[in-house]
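Novice: I have a structure here, written as C-alpha cells, and I will follow up with some questions on it.
The values are calculated or read from the model by the stated rules, or taken from the named source; none is laboratory data. In this text, all values refer to a predicted model and were calculated from it rather than measured experimentally. Here the Cβ positions follow ideal geometry from the backbone for every residue, glycine too, while neighbour counts run over all protein chains shown. To get the accessible areas, we keep the full protein, side chains included, count just its heavy atoms, and leave off ligands, DNA and RNA. Shrake-Rupley method; radii C 1.70, N 1.55, O 1.52, S 1.80 Å.
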Amino acid sequence: MITTDGTNQLYRLISTNILKAQVVVSGATIDVPIDRTELSGNNIKIFAYVDETIIGNITKYRLISVDGKTFLERSDNLAKDNRGLLILFEIQMQEV
C-alpha cells in the first residue's frame, strides 16, 4: 500500500515537474497553461484550460515536463468551438 507520505511525495514530484499542457488543434500544436493540480485520495488531477480563442478540431492533449518531454499524451477527436474547455489528466497511483 502506498502510504500518505508516499502519495504526497509522488504528487509533489509530478506537479512540480509539469510545465504546461499542449493541444493539437487542426494540425497545429498550441501551448495551454496548467489551471491547477489536485491530490484526491490516490489520484493526481491536472487541469489545463483551453480558452475561447482556440477553435478547431482537437486530436491530441499532452502534458509537457519542465525538461520539454511529453509526460502524458491522449488522443481525441473533438470539434472545439468558441467556448472555453477544461481538460483533465488523471493519474491513479496504485501499488501492484
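Novice: Tabulate in residue order the Karplus-calculated ³J(HN,Hα) for segment 82-96, using 6.51 cos²θ - 1.76 cosθ + 1.60 with θ = phi - 60°, rounded to whole Hz; enter x for Gly and Pro.
Specialist: 8, 9, x, 9, 9, 9, 10, 10, 10, 10, 9, 8, 8, 7, 10
Novice: List the lysines whose alpha-carbon lies under 22 Å from that of residue 69, not counting same-chain residues fewer than 8 positions away?
Specialist: Those lysines meeting the cut-off are 20, 45, 60.
Novice: Would you compute, from DSSP H runs of 4+ residues alone, the mean residue ellipticity of the chain at 222 nm, taking -39500 (n - 2.57) per run and dividing by the full residue count, rounded to the nearest 500?
Specialist: One gets -4500 deg cm²/dmol as the mean residue ellipticity at 222 nm.
Novice: Next question. Give me the compactness ratio for the chain, meaning the Cα radius of gyration over 2.2 N^0.38 Å.
Specialist: 1.15
Novice: Whole-Hz ³J(HN,Hα) for each residue in segment 57-63, computed from phi via Karplus 6.51 cos²θ - 1.76 cosθ + 1.60 with θ = phi - 60°, x for glycine and proline: what do you get?
Specialist: Listing the rounded values in order: 8, 8, 10, 8, 10, 9, 10 Hz.
Novice: So, with a 1.4 angstrom probe, what is the percent of accessible area on the chain that is carbon and sulfur?
Specialist: Percent of accessible area from carbon and sulfur atoms in the chain: 50.
Novice: Given H placed 1.01 Å from N in the peptide plane, which residues other than close sequence neighbours of residue 35 have an amide H under 5 Å from its amide H?
Specialist: 47, 48, 49
Novice: Kindly write out, for segment 31-45 in residue order, the coupling ³J(HN,Hα) from the Karplus curve 6.51 cos²θ - 1.76 cosθ + 1.60 (θ = phi - 60°), rounded to whole Hz, with x marking Gly and Pro.
Specialist: Values, residue by residue: 6, 10, x, 6, 7, 5, 10, 9, 10, 10, x, 9, 10, 9, 10 Hz.
Novice: What longest region of the chain stays clear of trypsin sites (Lys or Arg not before Pro) that DSSP places outside H, G, I, E and B and that have at most 15 other Cβ atoms within 10 Å?
Specialist: On the way: sites that count: 69, 83.
Of all site-free stretches, the longest is 1-68.
Novice: Go through 31, 51, 67 and list them by solvent-accessible area, largest first, probe radius 1.4 Å.
Specialist: The most accessible residue leads, giving 67, 31, 51.
Novice: What distance in nm separates the two pseudo spin-label positions at residue 92 and residue 66, each 7 Å out from Cα along the beta-carbon direction?
Specialist: 2.9
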